[in-house]
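All of the numbers you see were taken from the coordinates with simple rules; none came from a lab. Not measured: the values here are computed from a predicted model. All Cβ positions, glycine included, derive from the backbone under ideal geometry; neighbour counts span all protein chains shown.
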Amino acid sequence: MAENLVIVESPAKASTIEKFLGKDYIVKSSYGHIRDLDKKNLGIDILQEYSPQYIIPEDKTKVVAELKKLSKNAKTVWLASDEDREGEAIAWHLFEVLGLKQEKTKRIVFNEITKNAILNAINKPRDIDINLVNAQQARRILDRLVGFEISPVLWKKVRPSLSAGRVQSVAVRLIVEREREINAFKSTTSFKVSGHFIIDEKKVKLLSELENKIDTKELTLNFLKKCTGAKYTVSGIITKPSKKSAAPPFTTSTLQQEASRKLSFSVAQTMAIAQRLYEAGKITYMRTDSVNLSETAINAAKNVILKSFGEKYSYPRQYKTKTKGAQEAHEAIRPTYLDNSEIEGSNQEQRLYELIWKRTVASQMTDAILEKTTVAIDISTTVEKFIATGEVLKFDGFLKIYIESTDDESEDNNERLLPPLTIGQELTLDYIRATQRFTHHAPRYTEASLVKKLEELGIGRPSTYAPTISTVQQRGYVLKEDREGIERVCQDFLFKNDVISEKVLKENTGAEKAKLFPSDIGLIVNDFLISHFKEILDYNFTANVEKEFDEIAMGNVVWYKMIDKFYKPFHETVQETTEKSERNVGERILGKDPVSGKPLLVRIGRFGPMAQIGESTDEEKPRFAGLLKGQSIETINFEDALALFSLPRVIGIFENTAISAGVGRFGPYLKHDNKYYSIKPSEDNPLTINLERAVEVIGLKRTEQENKVLKSFKEDSEIMVLNGRFGAYIHYKKNNFKIPKTKNPETLTFEDCKEIISKTPASVKGKKPVRRKKNSA
DNA sequence: CAGTGAGCGAGCTTCCGCTTGACTT
């Protein structure tokens, strides 16, 4: 039996470390926290100085039992959880739960997994820092109080099963406020004027732009008229050196952003793939806020760069984190072995690995040296000037392997090469073009840009970014959606051979892909929380309490006194809100129904957002109509709301039977001959769809249905082989059966099917999936 | 699968941060 038991947080880490240490050491993992507040109730004794009631969750009992057994037999137990607030608490919980003795317990920390770092740590053990543990307990208890006291208020005042919390509610607020900013945004237009010149007998072209955009069509035309018969002369050339530096190595947040922009991965996808790479020993830990690289990694990167690119490209350095509240218990995310620029694995794993490899190596490479040239072109007939800009890459440096992407979709970049020019040179005008431009509203958040914003505000941790994003979507506060753009016309003028011609161009604007939108319930909950719990929804709330947690960690403040100071007024607000505030359904009265004269209003109903004619208190029952996808209680206008009541409407006659369009529980549909045909909100609108298109939709659905049946049998018409979303399967008496991978669905015989049906266990056959009613509305 | 939105009451929902596997369809 080994004399030493080392406990770390992650099993992959445990097996790596076990290799570094000799036979006298056994290394095990706690799999994160081993104890937590009871889930079933508050788990805090408010009257006993907020004393927490910890329990060991069911899925942790096995680990705890094993660690207990091993620790009994060990001479020394080394608590090697992470070097941050949570890690310190994990060490303390282990100490308490395993019933360890002070004399035989040692607390060690290291923030890189190298043999040296670990041996050094073992030579410098310390005791558990109880102040730091208390800071964690305060954090845990504050979060529980906020979450478990506010959520029930929402159940009463808005809808059951909703939730609120220090992190998620602020995430929703960001999205709500951005959406309102966008709704209030008024686009202004101007004209971008570009001058196109020919140099060197038509061979080389030069593109330039007028110094300033012109505000109106009139002024633009004036300018173009002024250019009649003008001469164009190069009046100035300025060349300036500039440089670009490599970005620091990846943290969780920057990896999520780059994987989103470069590989179109969702935040959850990135983390799942990174987890696999980590478990396979290909990369370092993927939940980190540190940009730090180990000495070994820096040297390895240096060697790779020297070997592949030469000395001019090597610039070893350590980056400093600028992130608010970073705890830096781990290294940056990097390849474990920098020699491997590629790995085996799934396509996604390879692409993510390659991204990490390039970013890490680039971070140790020299700056790129650029030369920016600005050329001024005078117009003889007016004071305005054309400006041509060009950029020449003098030395590529880190750009050889990595270019960081950005969020803003700027229209054009100036990275053009300019032809050789001299001052005084006269240029031949090819044409001038003036195009109408529109200002853009702030972009909607993507999952990754929301994580970036949360990190900037110091809200949430690397381990919670992905879960938070999924929670706000699961609660129905936020929808990740694509939106079709709308067409808009823009004017375009061409000035060539002193003649102005006009064109009207069409462009698509406002199209969105995988962007975050607030739902109606998100808007209502957000407004409710801001009006009653302003302090907690404040963007600085986390930063403020973090300062107090730091005071606790330094031993300057007693943790439960800090909690008490927060809780007393908070709890009073909770009670007051419960007693006094109205039920909130986000009701808006839009006007009067022209037919009945009764009020037309929109609100949240039992099944989501809806429009209503007449009050619920009226003798006559009100009329109801659900809102369509993409419509919102907050922005829908009177006409659109009224139009909803024209459904279901008859579109026309097809095959001697009427086709009608409507909206039901599962969205918009067509009904024909008692059969329903779903229509996609992104393609058709039940209010405007015409007969021709409706017949087309029905036809498509019919052929799809025909293709669905792969096989049917004469022996028993109830057994069929069908083609489904997950491939072929057998359908029999309302039950579905999986076809074993060893069988080819095309060649299945009637006997084969019967055998598969009879061999499928009854428990699986009869069981219907338990549908959790969570995402309705 | 499809146009609901009543009302009663029991029982349940919920937080943030550490960690990995189970789970079918």
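Points worth noting:
- Cut-off 12 Å between beta-carbons: net charge of the residues surrounding A:ASN183, Lys and Arg +1, Asp and Glu -1: 0
- Förster radius 45 Å - calculated FRET efficiency between A:GLU706 and A:ILE486, Cβ distance, rounded to 0.05: 0.80
- Qualifying trypsin sites (Lys or Arg not before Pro) in region A:1-46, DSSP loop, other Cβ atoms within 10 Å at most 11: A:LYS23, A:LYS39, A:LYS40
- Restriction of the chymotrypsin sites (Phe, Trp or Tyr not before Pro) in region A:644-674 to DSSP coil positions whose beta-carbon has at most 10 other beta-carbons within 10 angstrom yields A:PHE666.
- Three-way shape label, region A:52-199, alpha-carbon gyration tensor, a/c 1.5: oblate
- When only Cα pairs below 8 angstrom with a gap of at least 6 residues are kept, chain A shows a relative contact order of 11 percent.
- For chain A: rounded, prolate or oblate by the Cα gyration tensor [a/c cutoff 1.5]: oblate
- Overall form of region A:485-629 per C-alpha gyration tensor (a/c, 1.5; a/b vs b/c): oblate
- Region A:428-478 versus region A:214-259: alpha-carbon centroid distance in Å: 23 Å
- For region A:226-377, the pair-distance distribution built from all alpha carbon pairs, in bins 10 Å wide starting at 0, is 10, 34, 27, 12, 8, 7, 2, 0 percent.
- Cross-link reach list, aspartates and glutamates versus A:LYS213, counting only Cα pairs under 12 Å and skipping chain neighbours closer than eight places: A:GLU384
- With each label modelled as a point 7 angstrom along the Cα→C-beta vector, the A:SER470-A:SER15 pair spans 2.3 nm.
- Checking the Cα-Cα distances for A:LYS322/A:LYS452; A:LYS13/A:LYS322; A:LYS23/A:LYS72; A:LYS372/A:LYS453; A:LYS506/A:LYS701 against a 22 Å cut-off, the pairs over it are A:LYS13/A:LYS322; A:LYS372/A:LYS453; A:LYS506/A:LYS701.
- Theoretical ellipticity at 222 nm over chain A - DSSP helices of four or more residues, -39500 (n - 2.57) apiece, nearest 500: -11000 deg cm²/dmol
- In region A:327-423, the GluC sites (Glu not before Pro) that fall in loop regions by DSSP, at most 13 other Cβ within 10 Å: A:GLU342, A:GLU344, A:GLU409, A:GLU411, A:GLU415
- Counted charge near A:LYS743, where neighbours are those whose Cβ lies closer than 11 Å (Asp, Glu -1; Lys, Arg +1): -1
- Straightening the chain between A:ASP215 and A:THR578 buys 125.3 nm, computed as 0.36 nm per residue apart minus the Cα-Cα spacing.
- Computed over neighbours whose Cβ is under 14 Å from that of A:ARG166, the net charge equals 0, Lys and Arg +1, Asp and Glu -1.
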